[in-house]
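J.: My structure is below; once you've seen it, I'll send some questions.
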Amino acid sequence: MLRRQTLVLARLLALRSPPTPAMQRLSPSSRMEAGAVCGRMHLVACLTTEALSPAAQPAQQPAPVQQHATISAANTASSSSSSSSKARRDEKELHSMLQVCARAEDVKSATQHLAAWGHSAWTSSTLAVFLEHLVVEPSGQRLVRLVKDLMESQQLEALHCFLLADKIQESPYGERLGRMLAELVGGIGSKLDPAGALAIMFASGLVKPEQVQQAIEALRNAESATVLALYALSRRQMASKADVAAGYEELQTLLRTADWSRPVFWQTRAVVGASRTVLMAAARLGDPAMLDSPARWLRRVLPTNLRTILSPTFDQALLKSVEVALVHRDGRHPNAITDASQQPAFDSSHLSVEQEHRRIQRWLSQANALVTDIVDGRIEAESETMDSVISYLSATQLHQSGEFATVRFITDVFVAFERRGYMAEMQAYNRWSASGMRSSRGTAAWEVMQRMVSSGVVPDGTSYGAVFDAIALSGGATDTYSFAGQVEQQMISQGIQYDLQLVKRAIKAFITSWRIELATQRLADMRHDGFVPSADLYTLFFSTIGSASLSDNATHLQSQFGQRTQLVDQPDGTQHRRRRFRRENAYSCALFALKDLRWTMKRDGVVGGPDTYAGLLQCSVVAQDVLTAIQLCEEMVALAVPPTSAALGAIEAIGEYGDDVAQRTLRDLLAKMRPRSTEATAAPSSAAVASLE
């Protein structure tokens, strides 16, 4: 027992802590007494612990060793984490430097940065970053030299070849670049990955989609096969509803098998290109409901970075879909759909008028909300999205209400976009000018033309055609007379020559704006160039001249309503000036139409229809030429041309200028024309019958 206490005391002395400063200040006797007390307390505690748990003491001895091991492991993990974080920072910094070099197409500086970061050659990730952000020069010689060196050193992987295929498709000089890269593939392409070489050849246009499909079936690498199938889908033409449905189904199948952790799916343009092709093909069908399904599915499935890239495409597709759905309803739109394969897929014939109206308003509300967000800056818009907004507003103007229906709103949107750096192309100006045409404002289209010229954009024939159409639809407003000739002078000064369609549009504009001398000159030039004017063009001549204020040219109506017309006209006198201008020029123009254009049409062998003779009869009323009116009626009887309501009205008016013999002749001719009239032809009024009988 004594031996055991001695061992415990020795252990206690070994565990005793050094004296504290308070103990050191005590006297030796007090220090010994305090030490004895502390010793007895430690001794009791140790004896009690040992008596209660004799085996507990040996188990506590490894604790310092275990604690030291835990601390050592924690220090090792912390050191590894810090080194890994530093490596990631270094890699991110290297990638940033490579992106700068890629935008400058500086391969030499990129290799120097690689050497500074401890890389003796290109790695797979660094080369992918460089090719992804590469901006190719027009000649493409630097890229070709780099690709040749990489091919010879066998450093090009399938991912790098896919990125080169993207550069061929994106570059404005892609045809030349694709031809040079295809020559490299044909020469030393055996060292390339088969899928990558096929992607370059396909992007260059040397391989057909059928050959790509056959190669996909033979590939063993499922990932490369999926990427190639996405590239083939992005180049597919989808013109019908069945094609879009098949393409959407194939896109779903391919994306369900994609591993989004692999860089080939989010660094290349394969997924983005295929998705964009399906979305825009669905939009061109003109059914927003059909576009909604692929748009929702892609937003749900794609990763965040790919959704961000495709965000402008979602907006453009929605605007395009609503535009196509409404444009085909507007016959005056110059870009109206005429191809049967491009007709809207949604058939609204089974809907009532109210249901159709609600459907259109729902689409317009959704698209207008998007336009408002883009204009207010809540959505960042790129140049293509701004083009889509201008096109949408111009095409749907007739179906809009409120500020969206005004030309001023389109102008304000255009100006707001220009303040953000929007550099409009010629097509955007043409769409903007077309909005002035659809609002029947020739001045608006002319203002757009002047803004286009001041911005440094040279107008083409389509631009001037839109201005001519706007003048033709302006209803002969007095202000169009002042600049109708200026449009032609500016067009000729810029070296734009008339073609068949443009000269027809110009003639219509000149006739409507009462520039008859210009219209006649263009008609003569047209005949001199070997083009025979159509019956519709002659009809436009005759009907425009003949409808020049017939009531003001009738003697008794002039005296009865002449002063009254001046009182009820607009306060600014615009309508009165227009009527007076027409009265002053109508007589000479009507004589020209009857004595010159009529016989020119006969010499050209053009046979007129009911509307043509109606216009000629109206011209005879304006010129008060009863003899010519009788000749026209005889021709109608001989050619079995049924009289229209306008022709019957002209016969009623011309009868008041003739004597009894002329009235009797007209009455007999009218009796011969009645049996030949179709049921759809309006019957003559009672006043006309009374005047003839």
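J.: Given the residues Met238, Met151, which is the only one that is in a loop (DSSP other than H, G, I, E, B) and buried (at least 16 other Cβ atoms within 10 Å of the Cβ)?
T.: Result of the check over Met238, Met151: Met238.
J.: Sticking with this one: Based on this model, can you work out whether Gly205 counts as more than 30 Å from Val301 (Cβ to Cβ) and without any contact (Cβ under 8 Å) to a residue 12 or more places away in the chain?
T.: It is false that Gly205 is more than 30 Å from Val301 (Cβ to Cβ) and without any contact (Cβ under 8 Å) to a residue 12 or more places away in the chain.
J.: Right, next: Looking only at the stretch 611-621, decide whether some residue is part of a helix (DSSP H, G or I) and farther than 23 Å from Ala519 by Cβ.
T.: no
J.: Taking the stretch 651-675, which residues are of a type in the set (D, E, K, R) and closer than 22 Å to Ser547 by Cα? Don't jump to the end; show me each part of the working.
T.: Initial filter on the stretch 651-675 (of a type in the set (D, E, K, R)): 652, 656, 659-660, 664, 667-668, 672, 674.
Once the filter is applied, which keeps residues that are of a type in the set (D, E, K, R) and closer than 22 Å to Ser547 by Cα, the stretch 651-675 yields Glu652, Glu656.
J.: Here's another thing I want to ask about it. Would you pick out the residues in the stretch 154-175 that are open to solvent by 50 Å² or more (accessible area, probe 1.4 Å) and either closer than 24 Å to Thr277 by Cα or under 26 Å from the mean Cα position of the chain (by Cα) (or both)?
T.: Matches in the stretch 154-175: Gln169, Glu170, Pro172, Tyr173, Glu175.
J.: Does the stretch 387-415 hold any residues that are outside any helix (DSSP H, G or I) and touching a helix residue (DSSP H, G or I) at 6+ places or on another chain (Cβ under 6 Å), and which are they?
T.: Thr396
J.: Looking at the stretch 221-235, which of its residues are outside any helix (DSSP H, G or I) and loosely packed, with under 15 Cβ neighbours inside 10 Å?
T.: Within the stretch 221-235, Asn221 is the sole residue that qualifies.
J.: Any residue in the stretch 503-519 that is open to solvent by 10 Å² or more (accessible area, probe 1.4 Å) sitting within a Cβ distance under 8 Å of a residue that is of a type in the set (Phe, Trp, Tyr) and part of a helix (DSSP H, G or I)? List the pairs, counting only those 6 or more apart or interchain.
T.: Sorted first by the residue in the stretch 503-519, then by its partner, the pairs are Arg505/Phe468; Lys508/Phe468; Trp514/Tyr481; Trp514/Phe581; Arg515/Tyr481; Ile516/Phe510; Ile516/Phe592; Leu518/Phe510.
J.: Okay, next question. Based on what the data block shows, is Gly186 open to solvent by 20 Å² or more (accessible area, probe 1.4 Å), free of Cβ contacts under 8 Å to residues at least 40 places away in the same chain, in contact with a Gly (Cβ under 7 Å, 6 or more places away or on another chain) and not polar (S, T, N, Q)?
T.: Answer is no for this residue.
J.: Separate question: What residue, of Thr268, Thr253, Thr277, is polar (S, T, N, Q) and over 25 Å from the mean Cα position of the chain (by Cα)?
T.: Thr253
J.: Within the stretch 204-214, identify whether any single residue is part of a helix (DSSP H, G or I), within 22 Å of Val147 (Cβ to Cβ) and open to solvent by 10 Å² or more (accessible area, probe 1.4 Å), and answer yes or no.
T.: Checked against the condition, which is being part of a helix (DSSP H, G or I), within 22 Å of Val147 (Cβ to Cβ) and open to solvent by 10 Å² or more (accessible area, probe 1.4 Å), the stretch 204-214 yields no hits at all.
J.: Before we move on, is Ala115 small (Gly, Ala, Ser) and closer than 21 Å to Gly273 by Cβ?
T.: When the stated conditions are applied, Ala115 does not pass them.
J.: What number of residues within the stretch 622-635 satisfy the criterion of being part of a helix (DSSP H, G or I) and open to solvent by less than 30 Å² (accessible area, probe 1.4 Å)? It would help to see each step written out before you state the result.
T.: Step one: list which residues in the stretch 622-635 are part of a helix (DSSP H, G or I), which gives 622-623, 626-635.
Remaining after also requiring open to solvent by less than 30 Å² (accessible area, probe 1.4 Å): 622-623, 626, 628-630, 632-633.
Counting residues in the stretch 622-635 that are part of a helix (DSSP H, G or I) and open to solvent by less than 30 Å² (accessible area, probe 1.4 Å) gives 8.
J.: Shifting gears a bit: I'd like to verify a number: residues in the stretch 245-291 that are assigned to a loop (DSSP other than H, G, I, E, B) and either on the phi > 0 side of the Ramachandran plot or crowded, with 17+ Cβ neighbours inside 10 Å (or both), how many?
T.: Selection size over the stretch 245-291: 6.
J.: May I pose another question? Go through the stretch 534-563 and give me each residue that's at pLDDT 75 or above and either out of contact with any Lys or Arg (no Cβ under 7 Å at 6 or more places or on another chain) or under 18 Å from Thr628 (Cα atoms) (or both).
T.: Across the stretch 534-563, the qualifying residues are Ser534, Ala535, Asp536, Tyr538, Thr539, Phe541, Phe542, Ser543, Thr544, Ile545, Gly546.
J.: Does the stretch 299-320 hold any residues that are in contact (Cβ under 8 Å) with a residue 40 or more places away in the chain and aliphatic (A, V, I, L, M), and which are they?
T.: Passing the criteria: Val301, Leu302, Leu306, Leu318, Leu319.
J.: Looking at (1) more than 16 Å from Glu137 (Cβ to Cβ); (2) surrounded by 13 or more Cβ atoms within 10 Å (Cβ to Cβ); (3) at pLDDT below 85; (4) not small (Gly, Ala, Ser), which is the one condition that is false for His95?
T.: (3)
J.: OK, next. How many of the residues in the stretch 190-202 are assigned to a helix (DSSP H, G or I) and either touching a residue at least 60 places away in the same chain (Cβ under 8 Å) or surrounded by 20 or more Cβ atoms within 10 Å (Cβ to Cβ) (or both)? Walk me through how you get there before you give the answer.
T.: Step one: list which residues in the stretch 190-202 are assigned to a helix (DSSP H, G or I), which gives 190-191, 194-202.
If we keep only those that are either touching a residue at least 60 places away in the same chain (Cβ under 8 Å) or surrounded by 20 or more Cβ atoms within 10 Å (Cβ to Cβ) (or both) as well, we get 195-202.
Final tally of qualifying residues: 8.
J.: Could I ask something else about it? Could you identify the single residue in Ala477, Ala484, Ala470 that is over 27 Å from Leu591 (Cα atoms) and modelled with pLDDT under 80?
T.: Only one candidate qualifies: Ala470.
J.: Open to solvent by 30 Å² or more (accessible area, probe 1.4 Å), under 17 Å from Leu594 (Cβ atoms), in a helix (DSSP H, G or I) and at pLDDT 80 or above: which single residue out of Ala646, Ala650, Ala671, Ala638 fits that description?
T.: Ala646
J.: As an exercise: evaluate Arg179 against (1) open to solvent by 10 Å² or more (accessible area, probe 1.4 Å); (2) within 18 Å of Ala110 (Cβ to Cβ) and give the number of the one condition it does not meet.
T.: Condition not satisfied by Arg179: (2).
J.: Hey, among the residues in the stretch 373-386 that are part of a helix (DSSP H, G or I) and in contact with a Pro (Cβ under 7 Å, 6 or more places away or on another chain), which one's modelled with the lowest pLDDT?
T.: So the residue we want is Glu384.
J.: A further question follows. State the number of residues belonging to the stretch 108-143 that are part of a helix (DSSP H, G or I), open to solvent by 20 Å² or more (accessible area, probe 1.4 Å), under 16 Å from Leu181 (Cβ atoms) and in contact (Cβ under 8 Å) with a residue 12 or more places away in the chain.
T.: Of the residues in the stretch 108-143, 1 are part of a helix (DSSP H, G or I), open to solvent by 20 Å² or more (accessible area, probe 1.4 Å), under 16 Å from Leu181 (Cβ atoms) and in contact (Cβ under 8 Å) with a residue 12 or more places away in the chain.
The values are calculated or read from the model by the stated rules, or taken from the named source; none is laboratory data. All of these numbers come straight from a predicted model, not from anything done at the bench. We place every Cβ from the backbone using ideal geometry, glycine too, and count neighbours over all the protein chains shown. For accessibility, only protein heavy atoms count, side chains too; no ligands or nucleic acids. Shrake-Rupley method; radii C 1.70, N 1.55, O 1.52, S 1.80 Å.
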